[in-house]
Structure formats: C-alpha cells, structure tokens
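These notes concern the structure reproduced below.
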Amino acid sequence: ERGSHAFSQPVGFDKITQGLRHELIHYNIRVISIAPLYANTAITQNQDYTEDSPYISYIDKAKQSRKRQLNASVHPEVIAKQVMKILKKKHPKFHYTTGKNAVLMGFLLRYLPQKMRENLIQKRFGLK
C-alpha cells in the first residue's frame, strides 16, 4: 500500500527540515524533526485500490503488514507528549525518533548498505 512516494516522504521531509534549520538559525529559530516509526492514525488506512490493479497482491501483503505494525504502533498522544518534552529542553537535538524499535530501525536503515536496506524493507512488508 505504501508506494515509492510514501517511502520517499521521510527523506524529503528530512531534507526540508535541514534546509529550514540552516535558513532560520540566524534568526535564533530551531527546527527539529520527530520521526515516529509507525503512528496509529487513519491517514493511510482508508486508501482504495481497484481489484484489477496489477499490484493488488503487493497491496494486500502491504495491508497485512501494516495491520501487524499498527498493533505495535505509537498513538498520537505519545508523540504529542514527546513534542512537549522536547519544547522544554534548553538544547534539543536536531532529530528524534519515537516508537517501538524506532532508534534501532533508524540506525539500521541509515548505516546498512542500500541493497541490504531494500531487502529488509521488502521482507518487512512481505514483498519478497
């Protein structure tokens, strides 16, 4: 269900955040990003696809994987509490992750070779 646009969104968001951070530092404005690994929201849960799509088997596998991931996902209230803690810090970091295994997954996805990352993502979403 998550196409290439969904996987590229975090990367694009990260680059926009970095650009804003550099532009606004001179005005004493800090830009911070918070990345939940999985957030339990309805944003991607109600997308419709036609049954004649050539990708329907992949979509079904991704939907099943998403349901499993949502069981261990972070509720928006947890993310909001983390935001409030970050806002109170005198010297916050530039980037935070939240959610079950988010730090480990972020580390692995950042430092694993590209081919290993692709294999990990494909296995995680049942596409391999």
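The values are calculated or read from the model by the stated rules, or taken from the named source; none is laboratory data. Nothing here was measured: the structure is a model prediction, and the numbers come from that model. Ligands, DNA and RNA are stripped out before the accessible areas are found, and what is left, the full protein with its side chains, is counted by its heavy atoms. Shrake-Rupley method; radii C 1.70, N 1.55, O 1.52, S 1.80 Å.
Data for the structure
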item: Out-of-range pairs (alpha-carbon distance over 20 Å; input K61/K123; K15/K89; K93/K123; K63/K128); result: K15/K89; K93/K123
item: 5 angstrom amide H check on T98, placed H, neighbours 5+ away; result: A35, L37
item: V103 accessible area, assembled protein chains, probe 1.4 Å, Å²; result: 110
